[in-house]
């Protein structure tokens, strides 16, 4: 094992350990644009969000680790995701990538639609309120990604994205940056991935400033068993967010006959989120296509179902 590899493995151990011995200081609610922390892909969600080192995410990599996008073998790749989120919120996401001789260009969009709510005003001097109409609220993120595979073992990517949240006539917006890498270690099928997301200056809502939900993710994945009929992949990921305590995610997926994939995951150090599972179906055909479904348990808050359609042209 060379010196560079030792340094990478040491960094993983340090970051993973930081989640186990974090202090008691609570950082929850100290950053805005929290919708950026919600997983949008059914596959990623089913794996307990442990996806920063998966090499075959194609266009949906723009949401987790832009460095992975440089490894796509498809000329065109696209994904569309939908989830009926908590409290009747609708979560939509779509991504697209195009491979060129100079690298891979990706686009990503996320929308949270909070729906309409009644607008009320106080009626006279009493404690009663009267409805004067409705107002709406939403959150939006639009990103542009560039990724490139520099060697057969290393790829990097960068994303610039515009984010906005609107409540009635009030809006907060900002420009944020993501960056990520993925590295084939050469130790069997072991891969290491890392990403930094949501870097940016403070934003302002009306007269109040707030910071961004920046986070560092680092993880590893490996195919622990494979034959001509099946493949078992295990994944782990440590997360260091600025607005919460450190977290650890683990996941695994079993691919059968290259047509059916069973997935599961578990999340450590979360208040409500615990286990996840899902299914992926790849129908036969001339063009790559996959249907993914996931279920995530949010404890007392209920559960989340997510659906993703992935398509591509080689």
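FYI, it's all coordinate maths here, none of it is from the lab. Source: prediction; values computed, not measured. So basically every Cβ, Gly included, is an ideal-geometry build from the backbone, and we count neighbours across all protein chains shown.
Remark: relative contact order (the chain) = 21 percent; criterion is Cα-Cα distance under 8 angstrom and separation of 6 or more residues. Here the label points at residue 132 and residue 111, each 7 Å from Cα along the C-beta direction, are separated by 2.9 nm in the simple model. A Förster radius of 51 Å, combined with the Cβ-Cβ distance separating residue 87 from residue 223, puts the computed FRET efficiency at roughly 0.85.
Please list 50-59, 191-200, 112-121 highest first by mean number of surrounding beta-carbon atoms within 10 Å per residue.
Values: 50-59: 25.3, 191-200: 21.6, 112-121: 13.6.
Peptide ranking by packing, descending: 50-59, 191-200, 112-121.
What is the extension gain from residue 102 to residue 301, computed as 0.36 nm multiplied by their sequence separation minus the C-alpha to C-alpha distance, in nm to one decimal?
Values: separation 199, 0.36 × 199 = 71.64 nm, distance 4.56 nm.
Stretched out fully, the residue 102 to residue 301 stretch lengthens by 67.1 nm.
Using only the Cα atoms, what convex hull volume per residue in Å³ does the range 220-283 have? Spell out each step's value before the answer.
Values: hull volume 5.6 nm³, N = 64.
Spelled out: Cα convex hull of the range 220-283, divided by residues, is 88 Å³.
Entry note, the chain: the mean residue ellipticity at 222 nm calculated from DSSP H runs of n ≥ 4, each adding -39500 (n - 2.57), is -2000 deg cm²/dmol after division by the residues and rounding to the nearest 500.
Using C-alpha positions alone, give me the convex hull volume of the chain per residue in cubic angstrom. Present the calculation step by step, with values, prior to reporting the outcome.
Working: hull volume 48.9 nm³, N = 314.
Measuring per residue, one finds 156 Å³ for the Cα hull of the chain.
Projecting label points 7 angstrom from Cα along Cα→Cβ for residue 268 and residue 169 puts them 5.1 nm apart.
You can think of it this way: the chain between residue 291 and residue 258 has 10.6 nm of extra reach, that is 0.36 nm per residue less the Cα-Cα gap.
Helix 3-20 axis versus longest C-alpha principal axis of the chain: approximately 40°, rounded to the nearest ten. Our note on the geometry: Cα centres of the range 223-239 and the range 274-314, 17 Å apart.
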